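Have a look at the structure below before the remarks.
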Amino acid sequence: MIPLTYFLILSAILFVLGAIAFFIKKDLITQFMSVEIMFNAANLAFLTFAKSTGSLDGQIIVFFVITVAAAEAAVGLAIILLLYRQKKTIKTEDIQSMKG
Amino acid sequence: MAQFLFFLLATICIGAVLGMIISKDQAYNALFLIVAFVCTGGLFGLLDAPFIAAVQIIIYAGAIMILFIFVVMMINLRKGLEPEKKKWTLYFAVIVAAVLVLELVLTLKGALEPAGSSTVAELGSPTDLGRLLFTKYLYPFEITSILIIAALVGAIVLVKKRDKA
Amino acid sequence: MTDYFWLIPFIPALSTLILVLFGQKLPKKYVSFQACFAIFASFVVSLISFFGLLQTSHEHLPIIKNLFSWIHAGSFQADLALQLDPLSSIMTLVVTGVGFLIHVYSTGYMADDEGYTRYFTYLNLFTFAMLILVMGSNLVVMFVGWEGVGLCSYLLIGFWFEKHSAANAGKKAFIVNRIGDAAFLLGIFFIFINIGSGEFSVINQAIGSGAITQGLATLIAILLFIGATGKSAQIPLYIWLPDAMEGPTPVSALIHAATMVTAGVYMVARMNVLFTFSGSAGSIVAVVGALTAVFAATMALTQNDIKRVLAYSTISQIGYMFIGCGVGAYAAGMFHLYTHAFFKSLLFLAAGSVMHALSGELNMQKMGGLRKYLPLTYPTFLIGAIAIAGIPFLSGFFSKDAILTSAYASGQYFVWALGIFGAVLTAFYMFRLIFLTFFGNERLEPHAKEHLHESPPAMTIPLVVLAFFSVVAGYVGLPVVVGKNMDFFGRFLEPVIHKAHEVHLSLGTEWLLILISVAVAVTGIYIAWVFYIKNPKIPHNLVARFPGAHKLLYNKYYVDEIYNAMFVNSLIKGSETVYDHFDLKVIDGAVNGSAKATNFFGKVLSYFQTGFIKDYALIFLLGAILLLGYLLF
């Protein structure tokens, strides 16, 4: 059997990679996608613990996380579309109207 | 066998994410992400969660990424955007990354049950999941359905073109 | 019948509350009805309690009703307790009875005033405070009432607060009262330290069993009396009362003639055991009272403002009450308080009626010959004047005679002589007022003459009632010459007033004293008649011959100016300096400074708000890392 620590290490690496991607990228859509990567990393961790404790609650949580992430993706993309229509750009640097 | 599968899937996953980071084109980013999600689905399967693995591939790699690709196509940028160029941000990012990985690993490791890997085989069968869903987690289940409807309606309302009267 | 006596203060209190909360929305007619009815109801309860008291035997007195335990701090205890005994019963009857008549009068006098509802709210509040003062069974409750009437006095004197003189008069009254109250409080503190309780019955018992020395008793008594000089306008704190005439005339009648200013006399009578035990304090009270009586009477001689004359007259008459209390005849002092309430309020209300008839004219030099125009006001005014002058068969004669006889009997001849001299002056200035106002040539302003009319029934009926009582009220305290035990008033007060010693004069001496007082009264009236009717040139000639004396009297001995120079101006200067250096710089500086600091920090923080999502996310992440690090290690 695979030692569960490997899964956890993988989850941590994925999470950090997602975070780095968020900070490196300049366009909104890719930043959004990196957030999805972070979600997946978290899901991986949940399932690892579910298997470790032997209870199914972790899997249920992952189920809900996936569902909610789907809903959130829909709305988030709608907002990005609206932003693009307004500002004609998806470069994050140009969206600073909340300054101050 | 399982070990080999694990390392294969893990490598492909990390490779896809790295590719997403390096690539400048949004369409390529989306495709790389699909690969990453499929691998993750496989990893879920390795963790005795077949149902969740199926859900992951159907919803994440299937529905969500399709949404992303639609939006990428609608925005239709000619050229991609370059990632950060300044040197100090890269170093900073590497340091932050290292620190974060270290912390996360340490935290998570400490939370593992001392039993190590468990031996329950039929852990994530749909029957058991379904039973839990409809008894213990009934309320979240119902509320999530309302949430999805809200998101649906919200997304459509947001993007609707205003009629210029 | 005495069971519900404790309701007496709370009926006006309830009326006040209703007027405060809803007064602006209630129609004027209802306000008049409610305000007057509240006092009337209180009066009825007082009357019932009085009759019940008559049937109660002396062992059961005083009847105390402890409403609730107010302060309980270690060994210090003060309860809100009301007491019914002869002294408080008389006071409640006077306050509610005369108060009711004045309320009715006010409905006519203040009918056109904009602040009508506010006026009645204050009047009811005053009645409540005054009743608490006279019904309290311990010094703390009395002090609460004491302060309450001081507040209402300020509110009512400065009723027309847009007038500078009225607002200043209100302030002056309150501040001068406060000075007296400081001494009063010190007296209360001493009592609590040495006797341990403020309850009157406890205090009386303690003094009787020798808990304090005579020296300490004298100190406490003097402190309490200083408080009384503030409230009852004696030397040295009388200066606020003449200025208080800025308030509406019914207010002057109620507060500054019948009730509030007599609170000091009530207090001394209530603490009679203390004053008698102290001995010398009583003499001081009598001498101060006598000096004030004459001093104020001299100032009344030259005033032209009809209300000022009556104000000085009040100061003078209260001096008489203190003479009575000071020589040990507390019952005589209270008797004069009771009769004075009737004829003094009658005089003030009648003066208000004259002013109302003349559209607000106050100056007697601009009056004259009014007796044909004011068929109800004139006779009632005259009755009041006769009563105060001490002419036999009216109430003032009996009470003044009781005081002067006691003064003579106690051997304080100097006090008695001053009292007699004051009686001459009293008769003189009162009839000077009558003759200038109602007789002689008409010196009216044409505008006043046009609108000359008798007052409405709301105003004249109380005048008639008060005149009736000014005549008959004295018959409850007949002097010894008439019969041995005809002093019902004194006998009624016996359970409260513990007479130290009875000095009996021979019947001949008594008759002689009566004759002397009557003679001086008649002399005063005769002199006034000569000066103002027979030979009106005499006053002018006198003023021309003695301009300095006249100026001194007319300017009230310059007492106000002396006080200003000695105390007031330096205090004002001191306050201004403190204001400049402390208030403006330190306090305002602190407040403004904290605002500036907040502003500065806000600016610093706003640098973080770049509006840039990545920056926000970065801070999230850093925060999460720090937190994880903290939890791990």
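The values are calculated or read from the model by the stated rules, or taken from the named source; none is laboratory data. Owing to the predicted nature of the structure, the values given are computational and were not obtained by experimental measurement. Note that each Cβ is placed from the backbone with ideal geometry, even for glycine, and that neighbours are counted across all protein chains shown.
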Checklist outcome for this item: Conditions (1) facing another protein chain (nearest Cβ under 7 Å); (2) part of a helix (DSSP H, G or I) -> A:Ile2 fails only (2)
Checklist entry - Out of the residues in the stretch C:580-633 that are of a type in the set (Val, Ile, Thr) and within 14 Å of chain A (Cβ to nearest Cβ), which is farthest from A:Ala19 (Cα to Cα)? => result C:Val604
Checklist entry - Can you find a residue in the stretch A:70-78 that is within 14 Å of chain C (Cβ to nearest Cβ) and in a helix (DSSP H, G or I)? => result yes
Next on the checklist: Of the residues C:Val578, C:Val591, C:Val568, only one is surrounded by 13 or more Cβ atoms within 10 Å (Cβ to Cβ), without any contact (Cβ under 8 Å) to a residue 24 or more places away in the chain and assigned to a helix (DSSP H, G or I); which?
Outcome noted: C:Val568
Checklist entry - From the list C:Met334, C:Met367, C:Met321, which one is in contact with a Lys or Arg (Cβ under 9 Å, 6 or more places away or on another chain) and either among the aliphatic types (A, V, I, L, M) or surrounded by fewer than 24 Cβ atoms within 10 Å (Cβ to Cβ) (or both)? => result C:Met367
Item to check | Residue among A:Phe23, A:Phe49, A:Phe7 that is free of Cβ contacts under 8 Å to residues at least 12 places away in the same chain and either more than 14 Å from chain C (Cβ to nearest Cβ) or touching a strand residue (DSSP E or B) at 6+ places or on another chain (Cβ under 7 Å) (or both) | outcome: A:Phe49
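The rows are residues; the columns are (1) among the small types (Gly, Ala, Ser); (2) in a helix (DSSP H, G or I); (3) within 15 Å of A:Ala21 (Cβ to Cβ); (4) more than 9 Å from chain A (Cβ to nearest Cβ).
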| position | (1), (2), (3), (4) |
| --- | --- |
| B:Ile14 | no, yes, yes, no |
| B:Val17 | no, yes, yes, no |
| B:Ile21 | no, yes, yes, no |
| B:Ala27 | yes, yes, no, yes |
| B:Ile34 | no, yes, no, yes |
| B:Val38 | no, yes, no, yes |
| B:Gly45 | yes, yes, no, yes |
| B:Asp48 | no, no, no, no |
| B:Ile52 | no, yes, no, no |
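Here is a yes/no grid of residues against (1) touching a helix residue (DSSP H, G or I) at 6+ places or on another chain (Cβ under 9 Å); (2) closer than 30 Å to C:His453 by Cα:
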position	(1), (2)
C:Trp6	yes, no
C:Val20	yes, no
C:Cys36	yes, yes
C:Ser42	yes, no
C:Phe68	no, no
Next on the checklist: Please determine whether any residue of the stretch A:26-33 is within 14 Å of chain C (Cβ to nearest Cβ), touching a strand residue (DSSP E or B) at 6+ places or on another chain (Cβ under 7 Å) and touching a residue at least 60 places away in the same chain (Cβ under 8 Å).
Outcome noted: yes
Item to check | Lone qualifier among C:Met245, C:Met260 - being under 30 Å from C:Ala111 (Cβ atoms) and in contact with a strand residue (DSSP E or B) (Cβ under 9 Å, 6 or more places away or on another chain) | outcome: C:Met245
Next on the checklist: Quick check on my filter: what residues within the stretch C:22-80 are over 26 Å from C:Val104 (Cβ atoms), surrounded by 14 or more Cβ atoms within 10 Å (Cβ to Cβ) and of a type in the set (Gly, Ala, Ser)?
Outcome noted: C:Gly52, C:Ala78
Checklist outcome for this item: C:Val294 passes all but one of the listed conditions (1) under 22 Å from C:Tyr429 (Cβ atoms); (2) at pLDDT 90 or above; (3) buried (at least 24 other Cβ atoms within 10 Å of the Cβ); the exception is number (3)
Next on the checklist: Need a quick list: helices (runs of 4 or more DSSP H) entirely within the stretch C:173-287 having at least 3 residues that are surrounded by fewer than 22 Cβ atoms within 10 Å (Cβ to Cβ), on the phi > 0 side of the Ramachandran plot and among the aromatic types (Phe, Trp, Tyr).
Outcome noted: none
Next on the checklist: Take B:Met65 and tell me if it is within 8 Å of another protein chain (Cβ to nearest Cβ), modelled with pLDDT of 75 or more and either closer than 22 Å to A:Thr89 by Cα or surrounded by fewer than 16 Cβ atoms within 10 Å (Cβ to Cβ) (or both).
Outcome noted: no
Checklist outcome for this item: Picking from C:Glu561, C:Glu494, the residue that is under 25 Å from C:Thr292 (Cα atoms), exposed (fewer than 15 other Cβ atoms within 10 Å of the Cβ) and within 30 Å of the chain's Cα centre (by Cα) would be C:Glu561
Checklist outcome for this item: Within the stretch A:19-67, of all residues that are small (Gly, Ala, Ser) and buried (at least 20 other Cβ atoms within 10 Å of the Cβ), the one modelled with the lowest pLDDT is A:Ser52
